[in-house]
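Below you'll find the structure, written out as structure tokens, and then a few comments.
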Amino acid sequence: MKFLLRLGAALLLAGILGLGSAYFAPRYAVGSETSVANGPWHTNLAAGGTNADAYTRTFVALTGLLALNKDETIYYNATTDSAGEALDGACTYRIEGRDPDARWWSFTVYGDDHFLVDTPTKRYSISKTSVVRTPEGTFVVRLSTTEEANNWIATSPDGFQVTLRLYNPGASVKDDPAAAPLPAIVKEACS
Amino acid sequence: MMRWIGWAAFTLALAAAIHWAAITYAPSLIMARAMTAMGGKGVNTITHGDRATAASRTIVKPSPDLLYSYCVFDVSRQPLKITTAAPTDTYWSVALYTANTDNFYTLNDTQAGGQPATIVLVGQGQTVPPQPEGTIIVAAPSQKGVVLFRTLINDDAREPELDRMRRAAACDPLR
């Protein structure tokens, strides 16, 4: 009887440790050699590729299934602002900068569950073809729960993340995705 | 004391085995679940999905700026003929994925010269009869997987037009 109890406890503990570590470990594939950080933006260059390791495959399957490989599209994701603080659904942010080097690009806000934020306005994204620029070619995109006319993406008070898609990325991104100029994410105010 | 060390070692070894199995098989299991959800019309036939909204919860991180069409493929019995549409003045692509999530082939509008393309996806151990000139032959690393067509909505006003154009795409067993 004592043996069976110990065996049961060992199996339970092993299950918790094994599955728990498997759940969290891919999220730290960000530290692997194929992962790149560029300010608040992170990408894994092996995503979607045939040379992806098991952790990257699992990470992509959980957070971006059916991603294209890096030659076609580079996906950057941000869960923090440019100051390194976690994006907070109670705060307003602005994404500011210039067009990233790509044939087409978009910023899309997702909830912490990796799905689009449920908002009646359906303002899920801003792209190269929908952003309004200054005469100098710069732009400011606001992220908040309060609707604005232009350059605005709805966030969730429950938390959110931002994905930057670069379709057919240009040479500056492909050659050095860690240093390519990308817009900053700046916190404005919190309620 | 030794008994407890033995139990601890057993528990850790078992945890490591469970960790390895979960990491190794999770992508295929997640993909299999997605393929089941996407294959409602059956395999080797195309489905044209609606534009993504917050209610779209089949695949994580859908782009709200794309129209997705897809086929779940099974080339274990015969090759698959994939015909792309060629929506004009926008980005489009067709991407092929193995059952373990690898994107093993992609063709976009620029590479296709803006013209419709025909791809024959060949399963392991199969041969393909002569095909019309320009047909692209691709070997499938896995017998099952997904073909995903993307059409960029580069202007909301063009959505109905682009939706009509993308419906020229098809997946059919090669006869």
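Each value in this text was obtained by applying a stated rule to the coordinates, not by laboratory testing. The model shown is predicted, which means the values in this text are computed figures rather than measured ones. Using ideal geometry, Cβ is built from the backbone for each residue, glycine included, and neighbour counts are taken over all protein chains shown.
Please compute the alpha carbon radius of gyration of the range B:47-173, then divide it by the globular-protein estimate 2.2 N^0.38 Å. Two decimals is fine.
Here the Cα radius of gyration is 1.06 times the empirical estimate.
Positive end of the charge dipole of the range B:47-173 (Lys, Arg +1 and Asp, Glu -1 on Cβ, about the Cα centre): tell me which of B:Pro130, B:Phe73, B:Thr106 has its Cα farthest that way.
B:Phe73
Which angle between 0 and 90 degrees, to the nearest 10, do you get for helix A:54-63 versus the longest principal axis of chain A when only C-alpha atoms count?
The angle comes out at about 60 degrees.
By a straight-distance test (C-alpha under 24 Å), which lysines pair with A:Lys174 as possible cross-link partners, with residues fewer than eight away in the same chain excluded?
A:Lys70, A:Lys128, B:Lys61
With a Förster radius of 30 Å, plug the Cβ-Cβ distance of B:Thr127 and B:Asp89 into 1/(1 + (r/R0)^6) and report the FRET value to the nearest 0.05.
0.20
Answer rounded, prolate or oblate for the protein assembly as shown, using the Cα gyration tensor with square roots of eigenvalues a ≥ b ≥ c: rounded when a/c is under 1.5, else prolate when a/b is larger than b/c, else oblate.
oblate
Give me the extension gain from A:Arg103 to A:Glu188: residue separation times 0.36 nm, minus the current Cα-Cα distance, reported in nm with one decimal.
Here the segment from A:Arg103 to A:Glu188 would lengthen by 27.6 nm.
Evaluate peptide B:6-12: per residue, the Cβ atoms of other protein chains within 10 Å of its Cβ; return the mean as an integer.
4
Using label points projected 7 Å from each Cα along Cα→Cβ, tell me how many nm separate A:Thr50 and B:Ala55, to one decimal.
Label at A:Thr50, label at B:Ala55, 4.0 nm between them.
Listing A:Glu85, A:Glu136 from the residue with the fewest other Cβ atoms within 10 Å to the one with the most, what is the order?
Arranged by neighbour count, lowest to highest, A:Glu85, A:Glu136 become A:Glu136, A:Glu85.
In whole Å, how far is the Cα centre of the range B:100-149 from that of the range A:64-106?
Result: 30 Å between the Cα centres.
Where the centroid of each part is defined by its Cα atoms, how far is the range A:121-190 from the range B:38-71 in Å?
24
Give the average, rounded to an integer, of partner chain Cβ atoms located within 10 angstrom of each Cβ in A:49-58.
5
Among the lysines, which fall within straight-line cross-link reach of B:Lys144, defined as a Cα-Cα distance under 21 Å, with same-chain neighbours fewer than 8 residues apart omitted?
Correct list for B:Lys144: B:Lys41, B:Lys81.
What does the extension gain come out to for A:Lys122 and A:Thr145, with contour length at 0.36 nm per residue minus their alpha carbon separation?
Full extension from A:Lys122 to A:Thr145 adds 7.1 nm.
Run the simple label-point estimate for B:Thr118 and B:Ala9 please: 7 Å along Cα→C-beta, distance reported in nm.
Spacing of the two 7 Å Cα→Cβ label points: 6.4 nm.
Modelled label-to-label distance, B:Thr135 and A:Ser172, 7 Å Cα→beta-carbon offset: nm?
4.5
Can you quote the Å³ per residue value for the convex hull of the Cα atoms in the range B:1-75, rounded to an integer?
Looking at the range B:1-75, the number lands at 136 Å³ per residue.
Please order A:Leu7, B:Leu67 by the number of other Cβ within 10 Å, starting at the fewest.
In order of increasing Cβ crowding within 10 Å: A:Leu7, B:Leu67.
Can you give the average number of partner chain beta-carbon atoms within 10 Å of each beta-carbon in peptide A:67-75, as a whole number?
Counting Cβ atoms of other protein chains within 10 Å of each residue's Cβ and averaging gives 5.
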